[in-house]
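Some notes on the structure that comes next.
The values are calculated or read from the model by the stated rules, or taken from the named source; none is laboratory data. Small disclaimer: the values here were computed from a predicted structure and weren't measured. Quick reminder, even Gly has a Cβ in these numbers, built from the backbone with ideal geometry, and neighbours come from all protein chains shown. All accessible areas refer to the heavy atoms of the entire protein, side chains included, with ligands and DNA or RNA removed. Shrake-Rupley method; radii C 1.70, N 1.55, O 1.52, S 1.80 Å.
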Amino acid sequence: MIGDWFGTDELIDKWDFIKLISRSGLNLVCAWLVIGKIYGRLYTDRREFVFTYYLFNLITFTLCILLRKVPMELGFALGLFAVFGILKYRTEAIQIRDLTYLFVVIGLAILNAVANKKISLAELLAVDLMIIGVTAIIELSPKHRVLAETPILYDNLPLLAPGNEAELHADLTRRTGLPVIRVRVHRIDLLRDAADITAFYERAVPRNGKPSSA
């Protein structure tokens with residue numbers, strides 16, 4: 001009777017409910033490893049994305065696992081998930097690396113939700129661990145350089161000329177105290193004799209996993 005009020009056939013399906021909880025647990029553990037242990041460890045200056053990644057992962061997972069039981073046209077299903085692929089935040093540009101993490105957490109959610117009886121648990125875990133492992137190896141390798149960036153209004157225009165990269169990096173390092181290794185020039189204002197640039201510098205990750213702040 002209560003199920004009829006909400007348009008469902010029954011109040012609870014014990015085995016489906018257990019599968020939902022177990023799959024949710026697996027999905028959240030995978031998301032936590034990627035978001036909390038890799039992304040959150042390296043990019044502490046962009047902690048606002050952690051909330052977004054967890055919610056995107058959870059919403060995608062619940063949509064996939066519940067819509068598996070609902071018959072729908074293929075076009076509608078593809079259109080529904082295409083929304084995630086073209087979504088952009090108009091208030092702030094998202095960087096390529098952040099966008100990649102977004103696709104990773106969405107992909108993990110879909111994998112853990114749509115896997116059926118034709119896919120063994122070992123295969124599912126292997127794929128999850130493969131994605132997490134490759135991400136961890138690339139991002140947490142001791143030789144991996146975690147680059148941070150900072151915008152700068154720069155007043156020494158002659159050093160922006162091609163061929164002066166070494167002098168430019170040395171000048172910025174001396175004046176800012178940051179180990180600058182790359183510079184991107186956005187705009188040169190000849191009236192003010194200055195340029196808007198972005199300086200990229202190496203941010204070491206100590207053994208405790210907390211990046212040093214500049």
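The number of residues in region 159-172 that are open to solvent by 50 Å² or more (accessible area, probe 1.4 Å) and more than 15 Å from Thr198 (Cβ to Cβ) comes to 5.
Consider region 11-41 and keep the residues that are charged (D, E, K, R) and modelled with pLDDT under 90. The one that is surrounded by the most Cβ atoms within 10 Å (Cβ to Cβ) is Arg41. Contact annotation: residue pairs with Cβ atoms under 7 Å, 6 or more positions apart or on different chains, pairing a residue in region 38-50 that is in contact (Cβ under 8 Å) with a residue 24 or more places away in the chain and closer than 24 Å to Leu129 by Cα with a partner that is β-branched (Val, Ile, Thr) and not in a helix (DSSP H, G or I), are Leu42/Val146; Leu42/Val205. Of the residues examined, Ile138 is not one that is modelled with pLDDT of 90 or more and either part of a helix (DSSP H, G or I) or among the aromatic types (Phe, Trp, Tyr) (or both).
Just one of the listed residues (Ile110, Ile132) is surrounded by 12 or more Cβ atoms within 10 Å (Cβ to Cβ), touching a Ser or Thr at 6+ places or on another chain (Cβ under 7 Å), touching a residue at least 24 places away in the same chain (Cβ under 8 Å) and in a helix (DSSP H, G or I), and it is Ile110. Checking every residue in region 192-199 against the condition of being open to solvent by less than 50 Å² (accessible area, probe 1.4 Å), farther than 21 Å from Arg46 by Cβ and either part of a helix (DSSP H, G or I) or aromatic (Phe, Trp, Tyr) (or both) gives zero matches. Taking the condition more than 25 Å from the chain's Cα centre (by Cα), assigned to a strand (DSSP E or B) and more than 23 Å from Thr100 (Cα to Cα), does Ile181 pass? In short, no. The criterion of being of a type in the set (Lys, Arg), at pLDDT below 85 and more than 24 Å from Val127 (Cβ to Cβ) holds for Arg90. Cβ separations smaller than 9 Å between residues 6+ apart or across chains give the following pairs from region 113-127 residues that are under 19 Å from Leu20 (Cβ atoms) and in a helix (DSSP H, G or I) to residues that are open to solvent by less than 60 Å² (accessible area, probe 1.4 Å) and of a type in the set (D, E, K, R): Ala113/Arg23. Just one of the listed residues (Thr44, Thr100, Thr8) is of a type in the set (S, T, N, Q) and modelled with pLDDT of 75 or more, and it is Thr100.
The residues of region 149-158 that are in a loop (DSSP other than H, G, I, E, B) and either surrounded by 15 or more Cβ atoms within 10 Å (Cβ to Cβ) or free of Cβ contacts under 8 Å to residues at least 12 places away in the same chain (or both) amount to a single one, Asn156.
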